[in-house]
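Have a look at the structure below, then the notes.
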Amino acid sequence: GENVEQHPSTLSVQEGDSAVIKCTYSDSASNYFPWYKQELGKGPQLIIDIRSNVGEKKDQRIAVTLNKTAKHFSLHITETQPEDSAVYFCAASVSGGGSEKLVFGKGTKLTVNP
Amino acid sequence: GAGVSQSPRYKVAKRGQDVALRCDPISGHVSLFWYQQALGQGPEFLTYFQNEAQLDKSGLPSDRFFAERPEGSVSTLKIQRTQQEDSAVYLCASSSRASNEKLFFGSGTQLSVL
């Protein structure tokens with residue numbers, strides 16, 4: 001089955017700097033890659049997602065890149081702000097193929113220092 | 001409602017007790033998922049419903065775990081004869097799509113088994 005590795009497990013940056021979180025996946029059939037942000041005591045919130053037919057997607061300060069050949073994808077946050085501090089999870093799945101299981105990475109705790 | 005609602009927010013059970021966790025998805029959402037999140041880990045898939053049909057229950061850890069969604073709306077996750085290893089946050093998520101895309105998560109039920 002699918003296995004998702006995520007690193008780093010913790011990341012500390014200064015406000016205004018960029019942050020990059022990387023994930024690798026094992027199942028070449030995976031075609032859907034979402035990123036979730038989880039604040040303390042809350043459920044994960046979808047912040048951006050990408051399908052396998054696209055190499056890059058941007059939404060304001062957030063971007064995701066996908067390399068299907070290498071089976072890895074990354075989250076880029078620019079101009080970080082203290083409110084970006086949270087745990088970020090990547091996930092991978094085969095969407096629309098009958099099994100809708102999302103496999104999550106173990107998370108990255110991002111701290112943005114003012 | 002405005003989002004996915006889960007109750008209770010916290011549940012303490014003695015080992016061997018049965019518990020029932022409730023999920024109210026966003027009105028009209030077709031897909032409903034249950035995930036288990038251990039402390040410091042990413043969510044792990046338990047089961048998936050499309051309307052009232054349980055299409056995937058491959059993630060349920062044992063036959064002590066049972067989920068239902070009889071009318072295609074509210075769902076209940078039941079755990080019989082709870083064990084200490086069942087202690088975790090149980091997350092419910094829903095989507096307007098018949099897939100795992102664009103999931104909206106609730107805040108979860110934190111279960112502690114003593």
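Each value in this text was obtained by applying a stated rule to the coordinates, not by laboratory testing. A quick note: this is a predicted structure, and the numbers were derived from the prediction, not measured. Neighbour counts run over all protein chains shown; Cβ positions are idealised from the backbone, glycine included.
Across all Cα atoms of chain B, the radius of gyration (one decimal) and Dmax (whole number) stand at 13.1, 38 Å.
In chain A, the convex hull through the Cα atoms has an average projected area of 6.8 nm², a quarter of its surface area.
Sorted from greatest to least, the principal axis extents spanned by the alpha carbons of the protein assembly as shown come out as 49, 38, 33 Å.
Peptide A:29-41 is shielded by partner chain Cβ atoms: per residue, an average of 2 of them sit within 10 Å of its Cβ. Among the listed pairs A:K22/B:K57; A:K57/A:K106; A:K42/B:K57; A:K109/B:K11; A:K42/B:K14; A:K71/B:K11, those whose Cα-Cα separation exceeds 31 Å are A:K71/B:K11. Summing charges over neighbours of B:F33, with a neighbour being any other residue whose Cβ is under 10 Å away from its Cβ, gives -1 when K and R count +1 and D and E count -1.
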